[in-house]
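The values are calculated or read from the model by the stated rules, or taken from the named source; none is laboratory data. Since we're looking at a predicted model, the values are computed, not measured. Cβ: placed from backbone, ideal geometry, glycine included. Neighbour counts: every protein chain shown.
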Amino acid sequence: MGVTRKILNWYARIGPSHGKKLPPYEHVVQIGDPMLRKASEPVAVDKIKSEEIQKLIKKLKYVLDKYGSVGMSAPQIGVNKRIFVMRQTALQIASIPKESVKTRGITVVPFSVFINPTLKVIDYSKVTLSEGCESVQGYTAEVARYKEVEITALNAEGDSTSTKYKDWAARIAQHEMEHLDGKLYTDIMDRKSLQCIFWEEVNLAKGKLAIPFYPD
Ligand SMILES: [Zn+2]
């Protein structure tokens, strides 16, 4: 309640003009935003090379980089178009404990753009691991995902591509695909596994800690 009041006071001070920047945003929208619950619209193939779509792809890459994420979908930056990007760099992997890299099957994924993607399950066995989402900032939960999938889509040049992804990369692809249908991992998570990633720090800081909604 107290925190809510503080936020409302902040909003009253800043005023509604603060929210006038139009999408695509340079921040990631948060759970509760109706945009995250809409089924996104396919991109007209003859529009892929348009300034609008190319700028949207650039913005997705910008936000992906800024947040240090591995996947980002257009609805997460406020645009209901069926586009997502993903990548996993060697530098990102170097910052993850080796044991996690192994158990999660995390591998390098080059930066890729997926327009109007479709997903085919290659290996129906499911793997349950904890995952997070930039639109559910500060939390993680365990989610069961297929072990291997194939994504068929158009790339930023409008060419058709088909790529198979296993393990962690398959998880990212399934997670981003669901964003395009207005779904979030919280819909299918093991509810008892939901945790605030800062729960220990909250105790260390005697509660005086805020979830950052924007990277430093
Ligand atoms: Zn997400």
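When you scan the stretch 136-184, how many residues do you find that are outside any strand (DSSP E or B), among the small types (G, A, S) and within 16 Å of the ligand (Cβ to nearest atom)?
Matching residues across the stretch 136-184 total 5.
State the number of residues belonging to the stretch 166-187 that are out of contact with any strand residue (DSSP E or B) (no Cβ under 6 Å at 6 or more places or on another chain) and without any contact (Cβ under 8 Å) to a residue 60 or more places away in the chain.
Count: 3.
Does D167 count as charged (D, E, K, R) and modelled with pLDDT under 95?
Considered against the rule, which asks whether it is charged (D, E, K, R) and modelled with pLDDT under 95, D167 comes out as no.
Does the stretch 191-198 contain any residue that is within 16 Å of the ligand (Cβ to nearest atom) and surrounded by 13 or more Cβ atoms within 10 Å (Cβ to Cβ)?
Looking through the stretch 191-198, at least one residue is within 16 Å of the ligand (Cβ to nearest atom) and surrounded by 13 or more Cβ atoms within 10 Å (Cβ to Cβ).
Show the residue pairs meeting these rules: Cβ distance below 7 Å; 6+ apart or different chains; first residue within the stretch 140-161 and closer than 25 Å to I57 by Cβ and polar (S, T, N, Q); second residue at pLDDT 95 or above and not in a strand (DSSP E or B).
Going by the 7 Å Cβ cut-off, the qualifying pairs are T161/N155.
Could you list all residues from the stretch 110-135 that are within 16 Å of the ligand (Cβ to nearest atom), touching a residue at least 60 places away in the same chain (Cβ under 8 Å), part of a strand (DSSP E or B) and not polar (S, T, N, Q)?
Passing the criteria: F114, P117, G132.
When the stretch 63-109 is examined, which residues are found to be hydrophobic (A, V, I, L, M, F, W, C), within 27 Å of D33 (Cα to Cα) and assigned to a strand (DSSP E or B)?
Within the stretch 63-109, M72, I83, F84, V85, M86 meet the criteria.
Quick grid of which residues meet (1) in contact with a Cys (Cβ under 7 Å, 6 or more places away or on another chain); (2) of a type in the set (S, T, N, Q); (3) farther than 19 Å from G138 by Cα:
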{"position": "S69", "(1), (2), (3)": "no, yes, no"}
{"position": "M72", "(1), (2), (3)": "no, no, no"}
{"position": "G78", "(1), (2), (3)": "no, no, yes"}
{"position": "I83", "(1), (2), (3)": "no, no, yes"}
{"position": "Q88", "(1), (2), (3)": "no, yes, yes"}
{"position": "I93", "(1), (2), (3)": "no, no, yes"}
{"position": "S100", "(1), (2), (3)": "no, yes, yes"}
{"position": "G105", "(1), (2), (3)": "no, no, yes"}
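Name every residue in the stretch 196-209 that is under 19 Å from G32 (Cβ atoms) and in contact (Cβ under 8 Å) with a residue 60 or more places away in the chain, in order of residue number.
Of everything in the stretch 196-209, just one residue is under 19 Å from G32 (Cβ atoms) and in contact (Cβ under 8 Å) with a residue 60 or more places away in the chain, namely I197.
Which one is nearest to V136 (Cα to Cα), of the residues in the stretch 171-216 that are at pLDDT below 95 and of a type outside the set (V, I, T)?
Ranking the qualifying residues of the stretch 171-216, first place goes to F213.
Which of the residues spanning the stretch 60-92 are buried (at least 20 other Cβ atoms within 10 Å of the Cβ) and either more than 16 Å from the ligand (Cβ to nearest atom) or of a type in the set (D, E, K, R) (or both)?
Of everything in the stretch 60-92, those that are buried (at least 20 other Cβ atoms within 10 Å of the Cβ) and either more than 16 Å from the ligand (Cβ to nearest atom) or of a type in the set (D, E, K, R) (or both) turn out to be K81, R82, R87.
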